Structure formats: structure tokens, C-alpha cells
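Notes to accompany the following structure.
The values are calculated or read from the model by the stated rules, or taken from the named source; none is laboratory data. It should be emphasised that the depicted structure is a prediction, and the values quoted were computed from it without experimental measurement. Cβ coordinates were reconstructed from backbone atoms using ideal geometry, including for glycine residues, and neighbour counts include every protein chain displayed. Ligands, DNA and RNA are stripped out before the accessible areas are found, and what is left, the full protein with its side chains, is counted by its heavy atoms. Shrake-Rupley method; radii C 1.70, N 1.55, O 1.52, S 1.80 Å.
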Amino acid sequence: KPPQFSHPLARCWPTPMADARGGGGAVPGSEGAAGIGRPAGLCGPTELRARARLGVLCANVVASQEAHIEELRRLRAELVEFIDDRNCGPILIRLAWHDSGTYDQRIKEWPARGGANGGNWFQEQLEFGANAGLDKARNFLKPFEKKYPLVSRADLIQMASAVAIEKLGGPKIDMIYGRRAIESGASCVKPLSREGFAANAGLPDGGPPFSCGSATPEEHLRNVFGKKMGFNDQEIVALSGAHTIGRVFKERSGACPFGYGNANASKYTKEDVIARHDGAKGIGMAGGAAWTKNWLSFDNAYFTQPKDASGNLLDKDLVWLPTDACVFTDPAFKQVADAYAKDEALFMSDYAKAHKKLSELGAEFSPPGGIKI
């Protein structure tokens, strides 16, 4: 039985049984094709050479795929150790989110439609206001890009994000790989390229004024994640729950007064705090303000923290944005948020599905079904 390749060249594999029945498996145009006057199933020298070349080619495809998968596996193992050592999971997640977040379902052509294509590797996208500080995350990944040349930059960015979620105590994401990556900044999406959005290719804003002109934060979330990217209300709330990790910095978004370094840190982001889900010491760089006390722990604390009737946190040492508060006041959003507050396992399951969807937005895969490791 011929091997079952996922590569498109598999369709070229000659089928011996078809030859024996009188044709179908012969290489078109060869001496073994039906109608030449030679008994079906007997190969002439031209067909034998063609079959030999095809066999070598298919063997090379298999070897290449196996090498690719091996690189993906070794990369993943190294990323687990790197993220654990550097405590850099949140910024790697943000890098991937903002790569995928350029996706516009109203645009069909690749790479103009944006999404998980590695655009955030290049300065043209990193210069977006919404991407301030993400050059640090890209630079974290540069040594891995050089070490694993068979892994595309698009895959590298998305793998780092998925590994970080799991390393921080979150769910294992059912990822696939094989994303095609753009080759240069010339193919990056442009900041004003999204209809109805005035900046950042339609990446979300934390508060007003909203680039889409929305009057409310809930309308803005639905314009960005729904109208542009194709998520429903439940998925929007699940993705919002990722604010259970990470921080805001004055030097990046400017959405809080706390900046880089221990002297500029908030109560929960000083260098001696314990924020990891395993209770170990270490937070990476001190500073900024977090949405939750244990901001290196992926759990449902975002939903369970006490809030007032306006959806704002009672703990004023934490940061909270208008787009966070609306998750707990908008009737449709609040119904989902309340469910996640009561059932962490439900949140983890729904988040894993939404993250997988986010990681595949706009992507072109080779092979078409992607690669699982």
C-alpha cells in the first residue's frame, strides 16, 4: 500500500493495483499508459524512471515533514523552560494575540486579511500604538527563530503563546502548526486598512476614545472581536478572561500610572511578590499594574474578584479598564462571566477553544489541515 502523505504530492503516487486493471496508476504520458499496445501493468523504461524519481521525491517530502515535526517538538520543549525561567509568558501571549488580532473576516485575500501570519515580527506592525513594548517579546524569540529554521515565524509566535498559557497553569491548547509567514514588513497590514477603524488595524482599545467610534466599551468589543474577527459574545468573554494574567505599563498603553521598575511598581507588581501559580519566586521585570493579584497564574480570578455595581474592582491596587467593567454589566456578557466565576473548569474549556480559534485566524497552513505534534 502506498504511503498516505498529507503533502499535495501524494496525489501523484502511482497505484499498482490500478495498473493491473489496465491503466489508472500509470504516470500520464509514459510508456505504461493504456493505449500504447503493451499489456497493462508492464512498465517500460520511461515509466520506471518516472516512478523512481517520484519515489525519491515522495521520500524527500516525508523526511522533510518528519524533520519539521521534530523541530516543532524540540522548540516547544525549549519554550517551556525559557518561559519558566524568564517569567515572560504574558508578553508572549500579547505578541501572538496582536498578530492574530489584525484579522478582518471581511477581507478574503492572504496576507491582506491579516491574522496569524507573523506580521508582528516586523517593525511595520510593531510600530502600531497598540503594540508598544512588543519588540521585547519579538526579541525574546529571535534566538529560537535562528535555531529552528523549519518553523515559520507565524508558528513560533503562536506556539510561544500557547505554551505560556499552559505554563502559567491554564489549559492545554489543541494547536496545529504549518502556518505560512509573510517574508517582509512590506506585507504587513497597514494601520488604516480596516474599514470602520481609525487606527491599529482594528486592534482593541482599553478605553475611549475608541478607534471604531463606538459610544460604549461593549459596542467596541463587539465591533473588534465580532464584526471584524468573527467571535460571538461567549467567546469574547472567554478571551477577556485572559486578563487574569499580565500587566499594564505607563510606558506602553499609558492606561495606568505605574511604570517600569520596582520604584514605579504597584502593590502587586513589586519584585518580592509571589504571583506564579506554583508559588515560586520570580516575576521577571518589576513594575506596572495587574488585573489580578496572582497575575502569573492562569485561573478564573478575573471573574471572581469582588466588583461594584458598575463592574469595577473593589481592590483599587489593581488596574481595571472600561472594556473589563463592561464584561460584568452588559447583560449578555455578564451571564457568561457569572458562569465562569462559578465554574473554573468551564472557563478553562471555553478559553482553550477560543484561543485555538484566535491562533488560526487568517492563517494559511501547509499542509492544508495543519500539523499536530
> open to solvent by 40 Å² or more (accessible area, probe 1.4 Å), part of a helix (DSSP H, G or I) and aliphatic (A, V, I, L, M), is that true of Ala77?
Replying inline: yes
> Quick one: how many residues across the range 230-258 are hydrophobic (A, V, I, L, M, F, W, C) and in a loop (DSSP other than H, G, I, E, B)?
Replying inline: 6
>> Please go through the range 305-338 and give me each residue that is acidic (Asp, Glu) and not in a helix (DSSP H, G or I), ordered by number.
In response: Asp308, Asp315, Asp317, Asp330
> Which one is most open to solvent (accessible area, probe 1.4 Å), of the residues in the range 184-211 that are among the hydrophobic types (A, V, I, L, M, F, W, C) and not in a loop (DSSP other than H, G, I, E, B)?
Replying inline: Ala186
> Taking the range 199-240 on its own, how many of its residues are within 22 Å of Gln125 (Cα to Cα) and of a type in the set (Lys, Arg)?
Replying inline: 2
> Does Ser214 count as open to solvent by 20 Å² or more (accessible area, probe 1.4 Å) and not in a helix (DSSP H, G or I)?
Replying inline: no
> Within the range 129-148, how many residues are open to solvent by 10 Å² or more (accessible area, probe 1.4 Å) and either free of Cβ contacts under 8 Å to residues at least 40 places away in the same chain or in a helix (DSSP H, G or I) (or both)?
Replying inline: 13
> What are the pairs, 6+ residues apart or on separate chains, where a residue within the range 287-306 that is free of Cβ contacts under 8 Å to residues at least 24 places away in the same chain has its Cβ under 9 Å from a residue that is among the β-branched types (Val, Ile, Thr) and crowded, with 21+ Cβ neighbours inside 10 Å?
Replying inline: Asn294/Thr244; Asn294/Ile245; Gln305/Thr292
> From the set of residues in the range 109-128 that are open to solvent by 70 Å² or more (accessible area, probe 1.4 Å) and part of a loop (DSSP other than H, G, I, E, B), which is nearest to Gly287 (Cα to Cα)?
Replying inline: Glu127
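Listed here are the residues, each with its yes/no results for (1) open to solvent by 20 Å² or more (accessible area, probe 1.4 Å); (2) more than 30 Å from Pro209 (Cβ to Cβ); (3) out of contact with any helix residue (DSSP H, G or I) (no Cβ under 7 Å at 6 or more places or on another chain).
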{"residue": "Lys267", "(1), (2), (3)": "yes, no, yes"}
{"residue": "Glu271", "(1), (2), (3)": "yes, yes, no"}
{"residue": "His277", "(1), (2), (3)": "yes, yes, yes"}
{"residue": "Ile283", "(1), (2), (3)": "no, yes, yes"}
{"residue": "Asp308", "(1), (2), (3)": "yes, no, yes"}
{"residue": "Leu313", "(1), (2), (3)": "no, no, yes"}
{"residue": "Thr323", "(1), (2), (3)": "no, no, no"}
>> Condition first: of a type in the set (A, V, I, L, M) and touching a helix residue (DSSP H, G or I) at 6+ places or on another chain (Cβ under 7 Å). Can you find one or more residues in the range 341-350 that meet it?
In response: yes
> Do we find that Arg106 is of a type in the set (Lys, Arg), in a helix (DSSP H, G or I) and under 21 Å from Ser359 (Cα atoms) in this structure?
Replying inline: no
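Yes/no matrix, rows are residues, columns are (1) of a type outside the set (Val, Ile, Thr); (2) open to solvent by 40 Å² or more (accessible area, probe 1.4 Å); (3) outside any helix (DSSP H, G or I); (4) over 22 Å from Pro204 (Cα atoms):
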position: Asn294; (1), (2), (3), (4): yes, yes, yes, yes
position: Phe298; (1), (2), (3), (4): yes, no, yes, no
position: Phe303; (1), (2), (3), (4): yes, no, no, no
position: Ser349; (1), (2), (3), (4): yes, yes, no, yes
position: Lys353; (1), (2), (3), (4): yes, yes, no, no
position: Ser359; (1), (2), (3), (4): yes, no, no, no
> Does at least one position in the range 97-104 carry a residue that is touching a residue at least 40 places away in the same chain (Cβ under 8 Å), open to solvent by less than 10 Å² (accessible area, probe 1.4 Å) and in contact with a His (Cβ under 8 Å, 6 or more places away or on another chain)?
Replying inline: no
> So how many residues does the range 169-178 have that are more than 17 Å from Asp350 (Cα to Cα) and among the aliphatic types (A, V, I, L, M)?
Replying inline: 1
